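This report refers to the structure that appears directly beneath it.
The values are calculated or read from the model by the stated rules, or taken from the named source; none is laboratory data. Since the model is a prediction, treat every value here as computed from it, not as a measurement. So basically every Cβ, Gly included, is an ideal-geometry build from the backbone, and we count neighbours across all protein chains shown. For the accessible areas, the whole protein counts, side chains as well, though only heavy atoms, and no ligand, DNA or RNA atoms are used. Shrake-Rupley method; radii C 1.70, N 1.55, O 1.52, S 1.80 Å.
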Amino acid sequence: CNSYKRCGGCNLRHIDYEETLNMKQNVVQNLVNKNLKTKIQVNLTWGMGNPYHYRNKLQFPIGVDKEGNPIIGVFANRTHEIIPVENCMLQSEKANQIAKYILDVINKYKLSVYDEKTGEGLLRHIVIKTGFRTNEAMVIFVMKARARSRIEDIAKDLQGACHDISSIVVNINKKNTNVILGEKNINITGKGYIQDILGDYIFKISPQSFYQVNPVQAESLYNIAIENAGITKDDIVFDLYCGIGTISLFASSYAKKVYGIEIVEQAIEDAKENAKMNKVENVEFIAGDTEVLLADLIDNKKIIPDVVIVDPPRRGLDNNTVNNILKIEPKRVVYISCNPATLMRDLSLLEEKYEIKMIQPVDMFSFTSHEECVAVLKLKESTEK
């Protein structure tokens, strides 16, 4: 990779892949040893057969080089200097190719490029989402304002160059912020979303939808979580931080009823459509703050889950959610984590009443230092009513 030394994205690129899996297991094991009373042996990291070109979402900033020519790439490590990238080893090969087409049309139509220092210019980022099983692609132009007639011409050129581009969207972001996407989407061509298949289910993916960026490993991750959750046809399952409903749908075929909670309203709309599309009727999706809605389901609606699945952001679970889990004592808790440090913090609180049965690292982000884990907890027999 020509960009590796300056980019910082693949900070383990120089290490043999099998060794990176060992390193990731060791990181989690050390955290277990330091933070938990239960000195459980962490499983070997679940690796990939082919750890290259696995990402289904590309996000590249757009800027200009010293000669004033538009460039697409990644920010140099710890800076806002853009390094041009032609073939990112993490991104899907299709997304890499579409990014090249986009650079061609930016030059062809002389589309103005956003300048962070002055705040001038229109085009800030490109986001490309691809369906690994469906081959559909969505291009999102993140702009300060819409470029009136040009964007339709650009859309025609892009779809002519790549027939797999089924949707092109303009996302308006006027704020001076590190957050890439703004709140407003303008659909230029196509349905404004793509679909992909994960396991036995079809999922709708919108511009703002959270969908695991490594679909190959996501399928493994969810299967590990569901198979070890021990869900039965009599069980009520809570899926907290459910996103577009991926885990909820995976759990639905095993459970009596699944409740999915997510704060992003667009994700819940997608989740409801995903359930309808897949003809799944025993799931209910609710939009709102997990902390508030969990308390409402328990205290007001008197719905007590047998199994709780959580997949929180990097900051982990809030204290109220941990306390509510300890209060209602579900038989099993499955914790999917993208941050081993906050995972251990939360497990140390839960192990008061729960036996930690398994911690399985899954290599979702090959050749980077990021890692995902599945932890499976069972209510201690002395605690069971």
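Across the range 339-385, C-alpha contacts under 8 Å between residues 6 or more apart give a mean separation that, scaled by the residue count, equals a relative contact order of 40 percent. Once C-alpha pairs closer than 8 Å and six or more residues apart are averaged by separation and normalised to the residue number of the chain, the relative contact order reads 16 percent. With a cut-off of 12 Å between beta carbons, the residues surrounding residue 128 carry a summed charge of +2, where Lys and Arg count +1 and Asp and Glu -1.
Calculated FRET efficiency, residue 93 to residue 381, Cβ-Cβ distance, R0 = 51 Å: about 0.50 to the nearest 0.05. Between 182, 243, 47, the residue with the greatest mean-square fluctuation in the GNM of the chain (Cα pairs under 10 Å linked by springs) is 182.
Full extension of the chain between residue 176 and residue 135 yields a length gain of 11.4 nm, computed as 0.36 nm times the residue separation minus the alpha carbon distance. Where q = 0.11, 0.12, 0.13 Å⁻¹, what log10 of I(q)/I(0) comes from the Debye formula for the chain, counting one point per Cα? Reported log10 I(q)/I(0), two decimals: -0.83, -0.97, -1.11. Placing a pseudo-label 7 Å from each Cα along the Cα-to-Cβ vector at residue 81 and residue 195 gives an inter-label distance of 4.6 nm.
Beyond 32 Å in Cα-Cα separation lie the following of the pairs 110/276; 117/191; 57/110: 110/276; 117/191. Taking 0.36 nm per residue of separation and subtracting the current Cα-Cα distance, fully stretching the chain between residue 6 and residue 33 would add 6.3 nm.
To the nearest 10 degrees, how steep is helix 93-109 against the longest Cα principal axis of the chain, on a 0 to 90 scale? Between helix and principal axis, roughly 30 degrees. Amide H contacts for residue 46 (H built 1.01 Å from N in the peptide plane; partners 5 or more residues away or on another chain; cut-off under 5 Å): 362, 363.
Measuring only protein heavy atoms, the 1.4 Å probe finds residue 32 accessible over about 0 Å². Taking Cα centre as origin and charging only the Cβ of basic (Lys, Arg, +1) and acidic (Asp, Glu, -1) residues, the dipole magnitude of the range 88-129 rounds to 140 debye. Which whole-number percentage describes the relative contact order of the range 123-206, with Cα contacts under 8 Å and a sequence gap of 6 or more? Normalised by residue count, the contact order of the range 123-206 is 29 percent. Within the shell defined by Cβ-Cβ distances under 13 Å, the residues around residue 49 carry a net charge of -3, with Lys and Arg each +1 and Asp and Glu each -1.
Separation of the alpha carbons by more than 25 angstrom is noted, of 256/302; 256/380; 302/378; 37/331; 39/233, for 39/233. Listed by chain and number, the aspartates and glutamates whose C-alpha is less than 13 Å from the C-alpha of residue 108, apart from same-chain residues fewer than 8 away, are 153, 157. Taking the Cβ-Cβ separation of residue 355 and residue 233 as r and a Förster radius of 22 Å, what is the calculated FRET efficiency to the nearest 0.05? That gives a FRET efficiency of 0.35. Other residues lying with their Cβ under 15 Å from the Cβ of residue 295 contribute a combined charge of -2, Lys and Arg counting +1, Asp and Glu -1. Maximal additional length on extending the residue 302-residue 319 stretch stands at 4.1 nm, based on 0.36 nm per residue less the C-alpha distance. For the chain, the solvent-accessible area of protein heavy atoms averages 46 Å² per residue (probe radius 1.4 Å; ligands and nucleic acids excluded).
Enclosing the Cα atoms of the range 274-385 in their convex hull gives a volume equal to 132 cubic angstrom per residue.
Of the listed peptides 315-323, 371-379, 252-260, what is their order by residue-averaged count of other C-beta atoms within 10 Å, with the highest listed first?
By packing density, highest mean first, the sequence is 371-379, 252-260, 315-323.
Estimated from helices alone, the mean residue ellipticity of the chain at 222 nm is -9000 deg cm²/dmol (sum of -39500 (n - 2.57) over DSSP H runs with n ≥ 4, per residue).
Of all DSSP bridge pairs formed entirely within the chain, close to 60 percent run antiparallel.
Per-residue surface analysis assigns residue 314 an accessible area of about 120 Å², computed on protein heavy atoms at 1.4 Å probe radius.
Placing a label point 7 Å from the Cα of residue 50 along the Cα-to-Cβ direction, the residues of the range 88-102 with a backbone N closer than 12 Å are 92-94.
Take the solvent-accessible surface of the protein heavy atoms, probe 1.4 Å, and return the percent of it on the chain that carbon and sulfur atoms account for. Exposed carbon and sulfur together represent 48 percent of the surface.
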